[in-house]
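Worksheet: one structure, shown below.
What follows is calculated from the coordinates using simple rules that are stated; it is not laboratory data. The structure presented is a predicted model; accordingly, all values stated were derived computationally and were not measured. For neighbour counting, all protein chains shown are included, and Cβ atoms are generated from backbone atoms with ideal geometry for every residue, glycine included.
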Amino acid sequence: MLSIGDFSKVSQVTPKTLRYYDEINLLKPTSTDVKSGYRYYDVSQLETILLIKRLKEYTFSLEEIKQVLESKQDQELLQVTINKKKKEISQKMQSYSRLLERITDDLSILERGNKIMSYLNTIEVKLTEVPEMNLLYLRKQMNVNEYGHYIGELFGRLTAEKFTPTGPPLTIYHSPDFDPENTDMELAVPIAEQNEQTRTFPACLCAVSTYTGPYTELSSVYSKILKWIEEQGYTMNGAPFEIYQTDPNITAPDKNIVEIYFPVAL
């Protein structure tokens, strides 16, 4: 048996943390002295605390670790869970890699004596007539994280009914403000067939900009378009929409191509 002090020294986990693990039933000592309250651990529990430390390094939450331990370290569950963490970490690494590239670019801009936001001047905006479209659509109040589910549902209908697409998919943003947890979005695909599942999207005059890169940077394009609309003496005349020229499921984030449209009027 090891006292909490000895167990702490060997595992390099503080007594305070071990007491907390006891309180939340993550790792309970083998026995506790009723009079003194001293905690004692079995040597075999060293393997458990080492596993806990490793899973914490893998960014597991304590609740996730508890589930692993309660499953008696089921190897299949552990493999699935670690694979999930691996994907999450890979995505974070890609995000940090893009962030590092942007920081490097911004430093280069500053070193040349330019303002950090001067990149906005490179975003081109033009006026275009968008023709009438017949849309297969799905409009919902949704969390933006549900987008993948609903776009899958829309494409499922497209395939099941054997509709004929006439253009790339688009998203129309009907909400008056930004609320990622509850936003009014219309997902659509232009198709040749007309029936009760479709609607006509009217022709409109739009300010448009084509953007290549990760979707996280779209707010810069939106800002530039709004500034252009004001400078050119136009007013907004409808919900903005995006047309996707590439499939994000098979395209690297920095290669995504999306067209952003704002309906306008004089």
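List of remarks:
- Dipole magnitude (debye, nearest 20) for the range 1-120, charges at Cβ of Lys, Arg, Asp, Glu: 220 debye
- Per-residue [θ]222 nm for the chain (sum of -39500 (n - 2.57) over DSSP H runs n ≥ 4, rounded to 500): -13000 deg cm²/dmol
- Taking amide H positions as modeled 1.01 Å from N, with prolines and chain starts lacking one, the residues under 5 Å from ASN256 and 5 or more places away or on another chain are GLY213.
- Three-way shape label, the range 121-223, alpha-carbon gyration tensor, a/c 1.5: oblate
- Sites matching trypsin sites (Lys or Arg not before Pro) across the range 117-176 that sit in DSSP coil, with at most 15 neighbouring C-beta atoms within 10 Å: LYS162
- Under 18 Å from the Cα of LYS9 - lysines, other chains or at least 8 residues apart: LYS28, LYS53
- Cα long-axis angle, helix 218-231 against the chain (0 to 90 degrees, to the nearest 10): 30 degrees
- The range 73-125: C-alpha gyration tensor shape, a/c 1.5 cut-off, then a/b vs b/c: prolate
- Among the listed values (1) 1.08; (2) 1.17; (3) 1.06, the one matching Rg/Rh (Cα atoms, Kirkwood Rh) as calculated from this structure is (2).
- Debye, to nearest 20: dipole size of the range 216-266, +1 on Lys, Arg Cβ, -1 on Asp, Glu Cβ: 80 debye
- Cross-link check: pairs LYS35/LYS72; LYS56/LYS84; LYS56/LYS86 evaluated at a Cα-Cα cut-off of 20 Å; pairs beyond the cut-off: LYS35/LYS72.
- Extreme residue, positive dipole direction of the chain, given options LEU62, LEU100, SER223 (C-beta unit charges): LEU62
- DSSP-loop GluC sites (Glu not before Pro) across the range 169-243, with at most 16 other Cβ within 10 angstrom: GLU181, GLU193, GLU196
- Farthest positive-ward along the range 108-153 dipole, Cα basis, beta-carbon charges - from ILE116, GLY148, MET133: ILE116
- Here the chain is assigned +1 on the Cβ of each Lys and Arg and -1 on the Cβ of each Asp and Glu. Its dipole about the Cα centre then comes out at about 1060 debye.
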